[in-house]
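Chemist: I'd like to ask you about the structure that follows.
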Amino acid sequence: MVDQNLKRTPLNALHHELGAKMVDFGGWEMPVQYSGILEEHEAVRTGAGLFDVSHMGEFTFRGPDTLRMLQSTTCNDVSKIANGRAQYNGLLYPTATFVDDLLIYKNGDNDYFAVVNASNIDKDFEWFENTAKGMEVELVNRSDEYALIALQGPSSVALLQPLVNIELSPLKYYAFAHGTVDGAKAILSRTGYTGEDGFEIFLDPEDVTRVARKLIELGAKPCGLGARDTLRLEAKMALYGNDIDHTTTPLEADLGWIVKVEKGEFNGRDVLQREKAEGPRRKLVGFEMAERGIARHGYPIVDGSEEIGVVTSGTHSPTLKKAIGLAYLPLDKSAPGTEFMVLIRGRETRARVVPTPFYKRAK
């Protein structure tokens, strides 16, 4: 029996009609799978899969102080975003740990929008509101005004092109454009969370079911959260609440490429400068199991009787046909090839640090 208090996306009725197995995901009733995680994962790696990500949050920022406000709260350099481009960024506390990770899109000068994690919408909005006090920034939470679907996989362009009024091929990775899909007004963003080519499509909630049906008719396979998790883990894309949270810094999370200390003052900059100089105490690494077993989120990593780290994400990789995961390890134990022990249901099981991402698509 599904909890009646759960929030529902505009595609909820379609998920039920398609026979999805529904679960409580951070207060939302979401599909975890339709035909099966392996089949859905394979569809995205070889063809095209369609995900409902309408639970994500969208904020708009306008006004003369917008850039200054965004720069002061995030670690990447927002001033480097060109019009029509998106940027992966970290929203940070003064401790340099994550409030959230997010995508920031630039429509034009002092005109930006951001996509944030579903479970963090209220917290993030309040964080931005507090930062914007005394500044000329109009900040609006538009999360209920957008439905968001992700079409992911090597067939995405071919499948989507007949439905849209703009040329998709020239749209670069992390670029977006305004257009129509099957006649519905849309923002088409060449982004995703699977390691494959694809698009995230922002639509009016009234239009999304029709567009989703059309994409499925054309051959997109409906995919749930289960495949989304195995796909993003193979591509080593961090999941907020697992791999990053209010206790982890971007440098610890192996996201040093989004830390731009040279841009000027921002939350946590002094902490990150010190951490860069001294090296972080621990690091998020990829690993594969050297013995039978799957190391799941929260499993301890031990050295004798001492706990020295923790698994943040772990699964059986459908593409690589082996058990993989992410874990925080002390810096001196984080080099590829280093072996360590994970406690799997009380039993010490050998694992090995490996280079990441585990999977990289052929360009």
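Chemist: Please report Rg (one decimal) and Dmax (integer) in Å for the Cα set of region 149-253.
Modeler: Cα-based Rg and Dmax for region 149-253 come out at 15.2, 46 Å.
Chemist: Given a cut-off of 16 Å, what percent of all Cα-Cα pairs of region 240-358 lie beyond it?
Modeler: Here the long-distance tail beyond 16 Å is 60 percent of all Cα pairs in region 240-358.
Chemist: Any idea what the dipole of region 57-144 comes to, in debye rounded to 20, about its Cα centre with Lys/Arg Cβ at +1 and Asp/Glu Cβ at -1?
Modeler: Computed about the Cα centre, the dipole is about 260 debye.
Chemist: Next up: Fewest Cβ neighbours within 10 Å first, please rank 305, 35, 189 accordingly.
Modeler: Placing the least packed residue first, the sequence is 305, 35, 189.
Chemist: Another one. How big is the Rg/Rh ratio for region 111-197, C-alpha atoms only, Rh by Kirkwood, two decimals?
Modeler: 1.04
Chemist: To the nearest 20 Debye, how big is the dipole of the chain about its Cα centre, given +1 on the beta carbon of each Lys and Arg and -1 on that of each Asp and Glu?
Modeler: Dipole size: approximately 1080 debye.
Chemist: Could I ask something else about it? Rounded to the nearest 500, what is the chain's calculated 222 nm mean residue ellipticity when only DSSP H runs of at least 4 contribute -39500 (n - 2.57) each, over all residues?
Modeler: -6000 deg cm²/dmol
Chemist: Percent of Cα-Cα pairs per 5 Å bin, from 0 to the last occupied bin, for region 38-192, please list those.
Modeler: 2, 9, 17, 21, 19, 15, 10, 6, 3, 1, 0
Chemist: What do you get for Rg/Rh over region 57-144 if you use C-alpha atoms and the Kirkwood form of Rh?
Modeler: Radius of gyration over Kirkwood radius for region 57-144 works out to 0.91.
Chemist: Over the Cα atoms of region 1-114, Rg to Rh with Kirkwood Rh, two decimal places?
Modeler: 1.08
Chemist: While we're looking at this one, here's another question. Given H placed on each backbone N at 1.01 Å, which residues far from residue 312 in sequence or on other chains put an amide H within less than 5 Å of it?
Modeler: Close amide H contacts, sequence-distant or interchain: 298, 326, 327, 328.
Chemist: Moving on to the next point. Calculate the all-directions average of the projected area of region 274-319's alpha-carbon convex hull, and give it in nm².
Modeler: 4.9
Chemist: Cross-link list 260/283; 106/185; 260/333; 7/185: which exceed 22 angstrom alpha carbon to alpha carbon?
Modeler: Pairs exceeding the cut-off: 260/333; 7/185.
Chemist: Additional query: Helix check for the chain. Which DSSP H runs span at least 18 Å along their own axis by Cα, with a mean Kyte-Doolittle hydropathy no less than -1.0?
Modeler: Those that pass (Cα extent of 18 Å or more, hydropathy at least -1.0) are 205-217.
Chemist: Specify the inter-centroid distance of region 1-36 and region 295-314, based on alpha-carbon positions, in whole Å.
Modeler: Each part's Cα centre sits 31 Å from the other's.
Chemist: Over the Cα atoms of the chain, what radius of gyration and what Dmax do you get, in Å?
Modeler: According to the Cα coordinates of the chain, Rg and Dmax are 20.6, 62 Å.
Bear in mind that the values in this text are calculations on the coordinates, not laboratory data. Owing to the predicted nature of the structure, the values given are computational and were not obtained by experimental measurement. Cβ sites come from the backbone with ideal geometry, for glycine too, and all protein chains shown count toward neighbours.
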